[in-house]
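Participant: Sharing a structure with you now.
Read-outs throughout are calculated quantities, based only on the coordinates presented, and are distinct from any laboratory measurement. Everything numeric in this text was worked out from a predicted model, so none of it was measured. Every residue, glycine among them, receives a Cβ derived from its backbone with ideal geometry; neighbour counts consider all protein chains shown.
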Amino acid sequence: MPSQAMLRVSRLTKTYPTAAGPLTVLHEASFEIGPGESIAIVGPSGSGKTTLLGLCAGLDRASGGSVELAGETLDRLDEDGRARVRNASVGFVFQNFQLIPTLTALENVLVPLELRGERGCEPEGRALLERVGLGARFDHYPVQLSGGEQQRVALARAFINTPKILFCDEPTGNLDGDTADAMVELVFGLNRERGTTLVLVTHNFELAGRCQRILRLKGGTVVSDLRTPPAS
Amino acid sequence: MRFILHMAWRDSRASRRRLFLYSLSVVLGIAALVSIGSFSANVSRAIDLESKGLLGADLFVTAPSPLAGPLLDYLAGLGGDISREETFSSMLAIPSLSRVRLVQVHAIRGVFPYYGKLETDPAGGAGLLRAGAPAVLLEPTLLAQYGLRVGDTVKLGKTLFRIAGSLRKVPGESPGVAMMAPRAYMALEELAATGLSGPGALARYRAMVRLPASRDADQVAREMKDRFPEQRLSFETVGERKRNLGQAVSHLDGFLSLVGFVALILGGIGVASSLHAYISGKIATVAVLRCLGASARQSFAVYLVQGLGLGLAGALAGGILGVAVQRALPALFKGMLPIDVDFFLSWPALLRGMGAGIVICLLFSLLPLLSVRRIPPLAALRSAVADRVASGPDPWRLAIGALIAAAVAGFAIWQTGRVAVGLGFASMLGLGFLVLAGLGSAVAWAARRFVPRSLPYVVRQGFGNLHRPNNRTVLLLVSLGLGTFLVLTLFLVRTTLLHEIGGADAQGRPNLIFFDIQDDQIEPLRQEAAAAGTPIGESAPIVTMRITSVRGLTVEKLLKEKDAPIAAWALRREYRSTFRGALSPTEKVVEGAFSGRAGAEAGLAPISVEEGLARDMRLHLGDEVDWDVQGVPVRTRVGSVRAVEWRRLEPNFFVVFPEGVLEGAPKTFLAALHAGSAEQSARVQRAVVDKFPNVTAIDLALVVETLDGIFSKVAFAIQFMALFTVATGLIVLAGAILMGRHQRIRETVLLRTLGATRRQLSLIQLVEYAVLGVQAALVGAALAVAANALLARFVFHVGATSPLGQVAAAVAVVSLLTVATGWAAGRGVVDHPPLEILRQET
């Protein structure tokens, strides 16, 4: 276990009020992830994977427990404080790409930097798009790109702010086999190059197997946290 | 800030046309405010520029009796110039056509006008009158009506006059005056020969005075009021005329601006509704921005900038359209204004209108935009989260709602200049919106509950669209219903009033009244009328008199009383009273008992007083009222109080004396009859005027025609502005349809995929818009009928007339417009193959 955790989750619980009484979708989850480490969160549908990812990334508030991300305790921050942490330290890749349809590929990539008020950052954006193989697609809108291309734009956007941690929610869920493979290579390649911590939610055990650890959820509870054997 | 502006600009790329369409909702409201405001500024400047020409003199002194003796000496002593005028109604005969027409005769002497010009066509007509020539200047409408030309001959009283020209502009008179009766100007020197002047004539006597530079007109008026209290003079100065005219313009401006403001508010609702749909489509984008580190404030600001841009675009387009409309307004108000109005662009009015537009647009935009603050980043992972969070209570929404209410009330108070009226307007508007919105909800609820399942699928689907999620039922009912309500109310009120006045023909009630009949003329006139086939139905003697004291207190004393318990007009006026033994069909005693004959034993004659007069004079049964009947004192007591139907064209009086009191007094007569046709009416008028030139006739058909003319002018101006509301309603409808287009396309594509034919899809659309249009039109029409009934009962005190044909026509027109707009905005949805649309939409 690393001495300085990038992500520290302690007794994390999420409960939703429903007509039939409180519904606990995540129950006292605890784990730590070190810098540069990669972890896959797996489990059947409804096991609380996406809830856990949202709480770890500061997209939602927990009902109990705490999340410490890149040295910041998220529970102590208000929504704008958490937004600043995300902008400074977090990258996201979503299953449904979540590109902004009205922005070009390059503009989509630059949004995190522009939010900080940075200027003259276009070369970085272009370089990242070239790195993911979209050097000829800078000015294309999402609707003009294929699914695989959209996901690569999303990946470039996720790395533009040199995040300390990358959260991926089923990054290949909407892609065909070959495209998915290419995408996986890119994710792990960039992750290695930049020393980013990777948190991956997936149903795909092959993909999960490429991470250093696999955290298994069932009924909202962490049932196992296993280290995967090193790749041969 | 840079990010916010960049992002707002980029994010709007794909929706700029759509956003501009949303902004169209407020364009017409802003255009209405700009055009009316700028036109008012034009009129105000014209009033300033032509202020002296408004009166043509420094001072008008008007009296109900001839100006003579010390009064004239006083006027002459002022050291200025004096012109004189005698004005009365009379019948103008056109011998070549054997026609007669009631005119307002202005007999003038002197060099009036001193400022401005009496313009005639051909020029020089005024000079002929000054020279005392036997010529008349007539209203152009009169010449056109009878095909008369300059040089033709007409007859006034016993004298033949040559037509010297038509009147184009008379300083001191509004062309509106001519709406009541066309004017005929002649030289005062010629009046005596006509036989129309003299005792008993209902004339107004006026001196038009040009004062030396050292004298102030208002000061002179005050002096004269003190010096000649018994003459019952009235005064008019340039300053007063300017004030009155300015006030009238300001009232008209205020009223029309409020009508325009309704369109603006409606547009605001349209903008709010459109933006609500727009923001619903932006949840994913906002959630991603939040994931990428944008704060709630930044995300909100991105869309606020777009809302502001939308308001600015609407304000610009509205400003341009408003200026274009302003150019058309002088033609619209032609004939209602006493001055020529030159076009100029009033920047303050333009900025005010645009500013009001931006403020309203922004306030209404804030309602949907506030939800942007509450879109959580988690919505990027789970879209359902956004709905859950956004549907919770938000104190800011309440605050914005309160701000909107305050803005509406503030604007109304500013426009009307009176707090109570402004608040009343805002409350009524709020109530109207609530009623329409409530009805909209009820319609949606009823569509869910009561549409039978046995109806064909396309019909059920059409009704279903009224209540399913994201329906626009309430919005459309409010916008279209309000527009229908406003326009139809104006139309129905006009019909009610004209029907009430003109209804006499159908009921055999009197429709022709002769007045100024001398004592010795009544019997021959009765025979003449009977010979023409139209016997006199009712006649009444008229005796002129004035009040000298009430309950023992003299008029002078009562007028000086501090809190003036009795209305001054009631004390000062010259009464034209009658005497008779019984009530007329238009009267009803509401207090006391009517006495038809003064008993020989009673000291005080029992009179009957009209209830309005009794109220204004605080008269009660038994109160003593003393009169000066042309020099003879007569003491009376209030024996009864009557309610009178004044609107009927029959001899009605404020005060009715019993028989046995006034028979010996100098009197004239008034006679009323019913003519079965226009020809019969013309025949009897001609016969009477030929024989008795001093007698004047009022023809009900002419009154109705005159009132219709006035209504047409005023109502057209109001309806013109109200049309902005209807058009705004249609724009809101088009916007609502377009913003629901995305959802509609998906449904349509699904239905097509499942085998629906093009015809079925078109029918579903038709049913939906027809149901919406009919509902909106019916609700608007129902409110208009109710408003007409309330106005008729409580304001005009008449029976309401709401012709089914007109109401049905309005419902049909609004429904058709709705269907046509719906079809136009939704076309294309059913024309494309499913795959093509699916590709576009993904």
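Participant: Take the alpha-carbon centre of segment A:170-223, take the same for segment B:30-91, and report the distance between them in whole Å.
Facilitator: Centre-to-centre (Cα) distance: 91 Å.
Participant: Using only the Cα atoms of the protein assembly as shown, build the gyration tensor, take square roots of its eigenvalues as a ≥ b ≥ c, and label the shape rounded, prolate or oblate: rounded if a/c is under 1.5, else prolate if a/b is larger than b/c, else oblate.
Facilitator: prolate
Participant: Another one. If I stretch the segment between B:Arg232 and B:Lys691 completely, what's the gain in nm (0.36 nm per residue apart, minus their alpha carbon distance), one decimal?
Facilitator: This chain segment gains 161.8 nm when fully extended.
Participant: For chain B, what is the mean residue ellipticity at 222 nm derived from helices alone (per DSSP H run of n ≥ 4: -39500 (n - 2.57); sum divided by total residues; nearest 500 deg cm²/dmol)? Don't skip to the end; give the middle numbers.
Facilitator: Working: 29 runs with 463 residues, N = 842.
After summing the helix terms and dividing by the residues of chain B, the value is -18000 deg cm²/dmol.
Participant: Just how far, in whole angstrom, is segment A:62-109 from segment B:671-689 if you go by their alpha carbon centroids?
Facilitator: Here the two parts' Cα centres lie 92 Å apart.
Participant: R0 = 56 Å: FRET efficiency of B:Arg758 with B:Ala531, Cβ-based, nearest 0.05?
Facilitator: Step by step, r from the Cβ atoms, then E = 0.15.
Participant: Please say if segment B:14-173 is rounded, prolate or oblate, where rounded means a/c under 1.5 for a ≥ b ≥ c the square roots of the C-alpha gyration tensor eigenvalues, and otherwise the choice is prolate for a/b larger than b/c and oblate otherwise?
Facilitator: oblate
Participant: How big is the antiparallel share of DSSP beta bridges in chain B, given as a percent to the nearest 5?
Facilitator: Of those bridges, close to 80 percent are antiparallel.
Participant: Expressed as an acute angle from 0 to 90° and rounded to the nearest 10, what is the orientation of the C-alpha long axis of helix B:16-49 relative to the principal long axis of chain B?
Facilitator: So the inclination is approximately 20 degrees.
Participant: Using a Förster distance of 45 Å, how high is the FRET efficiency between B:Met1 and B:Leu559, based on the Cβ-Cβ distance and rounded to 0.05?
Facilitator: So the FRET efficiency works out to roughly 0.05.
Participant: What residues from segment B:112-131 fall in the zone where the backbone N is under 13 Å from a label point 7 Å along the Cα-to-C-beta line of B:Lys169?
Facilitator: B:115-121, by backbone N distance to the label point.
Participant: On to the next question. For chain B, take the longest principal axis of its alpha carbons; what is the angle in degrees between that and the long axis of helix B:522-531, to the nearest 10 within 0 to 90?
Facilitator: That helix lies at roughly 60 degrees to the long axis.
Participant: Something else: When ranked by the protection proxy of mean other Cβ atoms within 10 Å per residue, highest first, what sequence do the peptides B:517-524, A:101-108 form?
Facilitator: For the peptides B:517-524, A:101-108, the packing ranking is A:101-108, B:517-524.
Participant: Give the separation of the Cα centroids, segment B:204-229 to segment B:523-593, in Å.
Facilitator: 31
Participant: While we're on this one: State which entries of B:Lys557/B:Lys667; B:Lys225/B:Lys560; B:Lys117/B:Lys158; A:Lys14/A:Lys218; B:Lys667/B:Lys691 exceed 25 angstrom in Cα-Cα distance in the structure shown.
Facilitator: With Cα atoms farther than 25 Å apart: B:Lys557/B:Lys667; B:Lys117/B:Lys158.
Participant: Within segment B:432-461, what residues put their amide N at less than 15 Å from the label point 7 Å along the Cα-to-Cβ vector of B:Leu766?
Facilitator: What the label zone holds, given the 15 Å backbone N cut-off, is B:456-461.
Participant: Describe numerically, in nm with one decimal, the distance between label points set 7 Å from Cα along Cα→Cβ at B:Glu645 and at B:Ser427.
Facilitator: Between B:Glu645 and B:Ser427, the simple spin-label model gives 3.4 nm.
Participant: Follow-up. Looking only at other chains, what is the average number of their beta-carbon atoms within 10 angstrom of each beta-carbon in A:41-53?
Facilitator: Working: counts 0, 0, 0, 0, 0, 0, 0, 0, 0, 3, 3, 0, 2.
Mean number of neighbouring Cβ atoms from other chains: 1.
Participant: What does the charge dipole of segment B:1-116 about its Cα centre add up to, to the nearest 20 debye, if the Cβ of each Lys and Arg holds +1 and the Cβ of each Asp and Glu holds -1?
Facilitator: Value, rounded to 20: 1300 debye.
Participant: Something else: Between B:Ala568 and B:Glu624, what FRET efficiency follows from the Cβ-Cβ distance if R0 is 22 Å, with the result rounded to 0.05?
Facilitator: 0.65
Participant: If each of A:Val223 and B:Trp823 carries a label point 7 Å out from its Cα toward its Cβ, how far apart are those two points in nm?
Facilitator: Spacing of the two 7 Å Cα→Cβ label points: 6.2 nm.
Participant: Relative to the longest principal axis of the C-alpha atoms of chain B, give the angle of the C-alpha long axis of helix B:347-369, reported between 0 and 90° and rounded to the nearest 10°.
Facilitator: It works out to around 40 degrees.
Participant: Restricting the count to DSSP beta bridges whose residues both fall in segment A:7-225, what percent are antiparallel, rounded to a multiple of 5?
Facilitator: Looking only at bridges with both residues in segment A:7-225, the antiparallel portion is about 50 percent.
Participant: I would also like to ask the following. If you count, for every residue in B:12-24, the Cβ atoms of partner chains within 10 Å of its Cβ, what is the mean?
Facilitator: Rounded to a whole number, the mean comes out at 1.
Participant: Please name whichever of A:Gly54, A:Ser146, A:Cys168 sits farthest to the positive end of the charge dipole of segment A:7-225, dipole taken about the Cα centre and charges placed at Cβ: Lys and Arg +1, Asp and Glu -1.
Facilitator: A:Gly54
Participant: So, one more: Need the full-extension length gain, B:Ala123 to B:Leu72, defined as separation in residues times 0.36 nm minus the C-alpha distance. One decimal, nm.
Facilitator: Taking 0.36 nm per residue and subtracting the Cα distance, the gain is 15.2 nm.
Participant: Mind checking the mean number of beta-carbon atoms from other chains within 10 Å of the Cβ atoms in A:96-102?
Facilitator: Values: counts 4, 1, 9, 3, 10, 7, 10.
Across the residues of A:96-102, the mean count of other-chain Cβ atoms within 10 Å is 6.
Participant: Considering amide H positions built from the backbone, and no H for Pro or chain starts, which residues 5 or more places from B:Thr554, or on another chain, come under 5 Å of its amide H?
Facilitator: Here nothing satisfies the definition.
Participant: Around B:Trp396, with a cut-off of 14 angstrom between Cβ atoms, what is the net charge of the other residues, counting Lys and Arg +1 and Asp and Glu -1?
Facilitator: On the way: positive: B:Arg297, B:Arg373, B:Arg374, B:Arg397; negative: B:Asp394.
Charge balance near B:Trp396 sits at +3.
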